[in-house]
Ligand code: FAD
C-alpha cells in the first residue's frame, strides 16, 4: 500500500521528517513511496484570504528551479516526483483512489489560512480511512509550543528569544534517504514545463539566474561557506549592503530547501570547532530567532496580514499617490540608497535587510503610502517572500507591529546611506548613472555643486531624477499626521 509524501515548503530530502517517516514505514512494510508536489494556484483575486495567496512572480521562477532539482534527486533515488495541479484536497483524494495509497504524510505549514485548509484536507482523508500524519520541518519551535510563564503568547522579541534560546534542543537533522521505493504502476503527472512558472515575454529573470541557484544542494553549500568564516564578521557586517556580509539563505528557508534545525546544528558545531566565530554565530542565530518570532506572531494574531497589530493605527489616513508609488517601485525616487535597494530587488529578487528597512520606511513615512502596498510589491518581487516575515517586518517598519519601533523614528535616507554604504559602492552598483559621483555627494546628488555633477556626467532630471519629495518636510508631515491620528484613535 503506497505512502504519499506531500511536499510543500519543505523541498528537501535531508531533515525532512515526513519523508523520513515514510521511508521508515517503507522499510518495515515494503510500501512504495510517492513523492508529490501540488501546484495550488490560489485565486489571485481579492477573494483569496491574505494568508493563502498565489506565489509572486519571483517565487514562481524559484519554484521551477527547486522542483527541477528535487525531481532529479527523487528520480535518482528510485521514485520520481509526481506533479499535479489544482485544489490540494481534490488532488489527494483522487490520487488515493487511483493508487490505493494508505497514508499521506506532510510537514506542517503555519500561515493561518493554509494551516486551516491542511487540517480540513486531513480530516477528509481520515474519513476515508487514510492514515494522515503531519510533522514539523520548518521551525525550531512551533508557535503553540512556546508561551509565557504567565500564559499567552510572546509579544516582544527579546523575551521570546531569551526563553527559546534557553529551552531549545532541536532534534538532529536526518540524512537524505539513499533510496525510495517506487510504486509498480507510476501515476501520471504534469510536466514541469507545462506549469509555465518561468517568465517568457518579457524575460525579466536574467538577474535572478545570475544571482541564484535554487535547491537543497546549493542551500547546503551556501550554509557551509557562510559558516566557514564570513559568519565571524556578521555582527558588524550584517548592516553593510556594500558587502556580502549576510548568509543569503532566506530564499532557501522560504522554500524549505534548508531547515532551521540544520542551520542550528551546523552553527553550533561551527562555534564549538572555531570559538573565534562564536560571537558572530550568536548574532546570526538570533536572526533565525526573529524568523521564529514572526511565525509565532502570525499564528497567534492571524489577521496580521490585514490589520495593524497596534490597533491605534486602524483607519490611518494613508495617501494615494500613483506616481509616487511607481517611482518607488522602479527605483526612481531621487534618493540613491532607496533607489539602489528597489533596483537590487527588481534585478536579483532580494534586497539587503538594512535597505529593506530604509526603502520601506520611505514608502510608509515619506510617501505616506500604506505598508500593505509595499508588502504586496515585495511579495511579488522577492525570491524569499514569506508571509510571516514580510508582514511582520512591514508592520514593524510602519510602527504598528511588535516591539519598539515607534512611528516617529523616521529613517533619513541620506544619513543611513552615509553610515551603511560609506563609500557609496552599493549605490554605484545598482544606480550606475551615479557611479561617477564622489562619496561626499553620492547619497545626495541634488546637493552637489554643478561642477561636480558635470564632471560626473550627471544631469539631474535627465540621467537621474530630482527627489520626489523633500525628506525633512515629508518627515514633519508624517509626524503631524501621526500625532493627530493617535489623538483621535
Ligand atoms: P541573514 O542576515 O543572513 O539572516 C539569516 C536568516 O535570519 C535570514 O535568512 C532570515 O531567515 C532570518 N532573518 C534575518 N533578518 C530577519 C528579520 N528582520 N526578520 C525575520 N527574519 C530575519 N525576510 C524573509 O525571509 N521574507 C520576507 O518576505 C521578508 N520581508 C521583509 C520585509 C521588510 C520590509 C523587511 C525590513 C525585512 C524583511 N525580511 C524578510 C527580513 C530580512 O530582510 C531577510 O530575512 C534578510 O534580509 C534575508 O537575507 P539573509 O538570508 O542574507 O539574512
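Does residue 344 count as more than 7 Å from the ligand (Cβ to nearest atom), closer than 22 Å to residue 211 by Cα, in a helix (DSSP H, G or I) and touching a residue at least 12 places away in the same chain (Cβ under 8 Å)? Yes, satisfied.
Residue 430: within 16 Å of the ligand (Cβ to nearest atom) and either in contact (Cβ under 8 Å) with a residue 40 or more places away in the chain or touching a helix residue (DSSP H, G or I) at 6+ places or on another chain (Cβ under 6 Å) (or both), yes or no?
Details: within 16 Å of the ligand (Cβ to nearest atom): yes; either in contact (Cβ under 8 Å) with a residue 40 or more places away in the chain or touching a helix residue (DSSP H, G or I) at 6+ places or on another chain (Cβ under 6 Å) (or both): yes.
In short, yes.
If the condition is being part of a loop (DSSP other than H, G, I, E, B) and either under 28 Å from residue 12 (Cβ atoms) or not assigned by TED's automatic domain parsing to the domain that holds residue 249 (or both), then segment 138-149 contributes 138, 139, 140, 141, 142, 146. Quick check: is even one residue across segment 373-387 surrounded by fewer than 19 Cβ atoms within 10 Å (Cβ to Cβ), touching a residue at least 24 places away in the same chain (Cβ under 8 Å) and near the ligand (Cβ under 9 Å from one of its atoms)? There is no residue in segment 373-387 that is surrounded by fewer than 19 Cβ atoms within 10 Å (Cβ to Cβ), touching a residue at least 24 places away in the same chain (Cβ under 8 Å) and near the ligand (Cβ under 9 Å from one of its atoms).
Among the candidates 62, 161, 106, which residue alone is at pLDDT 95 or above and either over 30 Å from residue 401 (Cα atoms) or in contact with a strand residue (DSSP E or B) (Cβ under 6 Å, 6 or more places away or on another chain) (or both)? Steps first, answer last, please.
Details: 62 fails: either over 30 Å from residue 401 (Cα atoms) or in contact with a strand residue (DSSP E or B) (Cβ under 6 Å, 6 or more places away or on another chain) (or both); 161 fails: either over 30 Å from residue 401 (Cα atoms) or in contact with a strand residue (DSSP E or B) (Cβ under 6 Å, 6 or more places away or on another chain) (or both).
Criteria check complete, one pass: 106.
Scanning segment 260-274 for residues that are part of a loop (DSSP other than H, G, I, E, B), surrounded by fewer than 21 Cβ atoms within 10 Å (Cβ to Cβ) and more than 9 Å from the ligand (Cβ to nearest atom) turns up at least one hit.
Can you tell me which residue among 475, 440, 409, 483 is in a loop (DSSP other than H, G, I, E, B) and surrounded by fewer than 20 Cβ atoms within 10 Å (Cβ to Cβ)? Steps first, please.
Details: 475 fails: in a loop (DSSP other than H, G, I, E, B); 440 fails: in a loop (DSSP other than H, G, I, E, B); 483 fails: in a loop (DSSP other than H, G, I, E, B).
Just one listed residue meets the conditions, 409.
Per the conditions (1) in the same structural domain as residue 290 (by TED's automatic domain parsing); (2) part of a helix (DSSP H, G or I), the sole criterion not satisfied by residue 117 is (1).
Considering only residues that are without any contact (Cβ under 8 Å) to a residue 60 or more places away in the chain and either under 15 Å from residue 332 (Cα atoms) or within 27 Å of the chain's Cα centre (by Cα) (or both), which ones fall in segment 433-442?
Restricting attention to segment 433-442, the residues satisfying the condition of being without any contact (Cβ under 8 Å) to a residue 60 or more places away in the chain are 433, 435-441.
Within segment 433-442, 433 is the sole residue that qualifies.
Checked against (1) in a helix (DSSP H, G or I); (2) crowded, with 17+ Cβ neighbours inside 10 Å, residue 166 meets all criteria but (2). The conditions of being more than 11 Å from the ligand (Cβ to nearest atom) and farther than 16 Å from residue 352 by Cα are not met by residue 222.
Here is a check on your reading of the model: is residue 152 buried (at least 20 other Cβ atoms within 10 Å of the Cβ) and assigned to a loop (DSSP other than H, G, I, E, B)?
Working: buried (at least 20 other Cβ atoms within 10 Å of the Cβ): no; assigned to a loop (DSSP other than H, G, I, E, B): yes.
Against the criterion (buried (at least 20 other Cβ atoms within 10 Å of the Cβ) and assigned to a loop (DSSP other than H, G, I, E, B)), residue 152 does not qualify.
Anything in segment 119-129 that is in contact with a helix residue (DSSP H, G or I) (Cβ under 8 Å, 6 or more places away or on another chain) and either crowded, with 18+ Cβ neighbours inside 10 Å or farther than 16 Å from residue 4 by Cα (or both)? List them, or say none.
From segment 119-129, those in contact with a helix residue (DSSP H, G or I) (Cβ under 8 Å, 6 or more places away or on another chain) are 120-121, 124-125, 128; that's our starting set.
Answer for segment 119-129, where residues must be in contact with a helix residue (DSSP H, G or I) (Cβ under 8 Å, 6 or more places away or on another chain) and either crowded, with 18+ Cβ neighbours inside 10 Å or farther than 16 Å from residue 4 by Cα (or both): 120, 121, 125.
In segment 38-51, is there at least one residue being over 21 Å from residue 117 (Cβ atoms) and surrounded by fewer than 20 Cβ atoms within 10 Å (Cβ to Cβ)? No, every residue in segment 38-51 fails to be over 21 Å from residue 117 (Cβ atoms) and surrounded by fewer than 20 Cβ atoms within 10 Å (Cβ to Cβ).
Which of the following residues is buried (at least 21 other Cβ atoms within 10 Å of the Cβ) and either in contact with a helix residue (DSSP H, G or I) (Cβ under 8 Å, 6 or more places away or on another chain) or assigned to a helix (DSSP H, G or I) (or both): 327, 323?
Values: 323 fails: buried (at least 21 other Cβ atoms within 10 Å of the Cβ).
Among 327, 323, only 327 is buried (at least 21 other Cβ atoms within 10 Å of the Cβ) and either in contact with a helix residue (DSSP H, G or I) (Cβ under 8 Å, 6 or more places away or on another chain) or assigned to a helix (DSSP H, G or I) (or both).
Being within 26 Å of residue 59 (Cα to Cα) and surrounded by fewer than 18 Cβ atoms within 10 Å (Cβ to Cβ) holds for only one residue in 97, 188, and it is 188.
With respect to (1) within 21 Å of residue 417 (Cβ to Cβ); (2) surrounded by fewer than 20 Cβ atoms within 10 Å (Cβ to Cβ); (3) touching a residue at least 40 places away in the same chain (Cβ under 8 Å); (4) over 15 Å from the mean Cα position of the chain (by Cα), the lone exception for residue 353 is condition (4). Any idea which of (1) within 15 Å of the ligand (Cβ to nearest atom); (2) surrounded by fewer than 17 Cβ atoms within 10 Å (Cβ to Cβ); (3) not assigned by TED's automatic domain parsing to the domain that holds residue 284 is the one residue 233 doesn't satisfy? Unmet condition: (3).
If you check 199, 241, which single one turns out to be outside the structural domain of residue 426 (by TED's automatic domain parsing), crowded, with 21+ Cβ neighbours inside 10 Å and either under 26 Å from residue 378 (Cα atoms) or in contact with a helix residue (DSSP H, G or I) (Cβ under 7 Å, 6 or more places away or on another chain) (or both)?
Numbers: 199 fails: crowded, with 21+ Cβ neighbours inside 10 Å.
241 is the lone residue from the list that is outside the structural domain of residue 426 (by TED's automatic domain parsing), crowded, with 21+ Cβ neighbours inside 10 Å and either under 26 Å from residue 378 (Cα atoms) or in contact with a helix residue (DSSP H, G or I) (Cβ under 7 Å, 6 or more places away or on another chain) (or both).
The values are calculated or read from the model by the stated rules, or taken from the named source; none is laboratory data. This one's a predicted model, so the numbers in the text were calculated from it and none came from an experiment. Cβ sites come from the backbone with ideal geometry, for glycine too, and all protein chains shown count toward neighbours.
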